[in-house]
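Before any comments, here is the structure.
The values are calculated or read from the model by the stated rules, or taken from the named source; none is laboratory data. Quick caveat: nothing in here was measured; it's all calculated off a predicted structure. Reconstructed Cβ throughout: ideal geometry from the backbone, glycine too, with neighbour counts over all protein chains shown. Side chains included, ligands, DNA and RNA excluded: accessible areas come from the protein's heavy atoms. Shrake-Rupley method; radii C 1.70, N 1.55, O 1.52, S 1.80 Å.
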Amino acid sequence: VQLQASGGGLVQPGGSLRLSCVSSRPTVNQYHIAWFRQAPGKEREFVSVIRRTGGYTYYNDLVKGRFTISRENAKNTVFLQMDSLKPEDTAVYFCAAGSMVLSSIRDMRLYNYWGQGTQVTVSS
C-alpha cells in the first residue's frame with residue numbers, strides 16, 4: 001500500500017492544522033494507521049494510531065487532549081487534527097501502515113509502509 005501525507009505548514013502557537021494520509025487502497029480491517037514525527041536532531045517518535053478494526057485510538061501523552069486521529073474509509077484517508085499547537089510540535093510528520101499485534105502498535109520498526117512526510121512548523 002502507498003501512503004501520501006499532506007497538510008503541513010507554518011502556524012502560530014495555539015493554532016491548528018489538519019494532516020491527511022491518503023492510502024492507495026482501503027486499509028480498514030487490514031492496517032493500523034499511525035502518525036510519527038521527527039524533529040531536527042531527535043529520533044522519530046510515536047504520535048498517534050488508529051486501529052485497523054473498531055476505530056480505537058491511542059496517543060502519545062505529549063499530544064493527548066490536543067490531537068485527534070480519525071478515519072474516513074470512503075476516502076481511504078486518515079486525518080490528524082492538531083489543535084493548541086506548541087513550538088515543540090515542530091517536526092516532520094509521517095504516516096505509516098502496519099498490521100502488528102496490538103501490544104506493539106507504537107513500535108515504528110514494525111510498520112511496513114510509510115508516507116513521505118509533511119513539515120509542521122509552529123512559530124510566531
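Observations, loosely collected:
- Neighbourhood net charge (12 Å Cβ-Cβ; Lys/Arg +1, Asp/Glu -1) for Gly98: +3
- Rough spin-label spacing in nm, given labels placed 7 Å along Cα→Cβ, for Gln38 and Arg66: 2.2
- Residues within the reach of a label modelled at Ser24 (point 7 angstrom out along Cα to beta-carbon, backbone nitrogen below 12 Å), restricted to region 100-124, are 113-115.
- Accessible area of the chain belonging to carbon and sulfur atoms, whole % at 1.4 Å probe: 47
- Net length gained if the chain between Gln2 and Asn73 were fully extended (0.36 nm per residue, minus Cα distance): 24.0 nm
- Segment Ser16-Lys86, length gained on full extension (0.36 nm per residue, minus Cα span): 24.2 nm
- For the chain, the solvent-accessible area works out to 51 Å² per residue, with a probe of 1.4 Å and every protein chain left in place.
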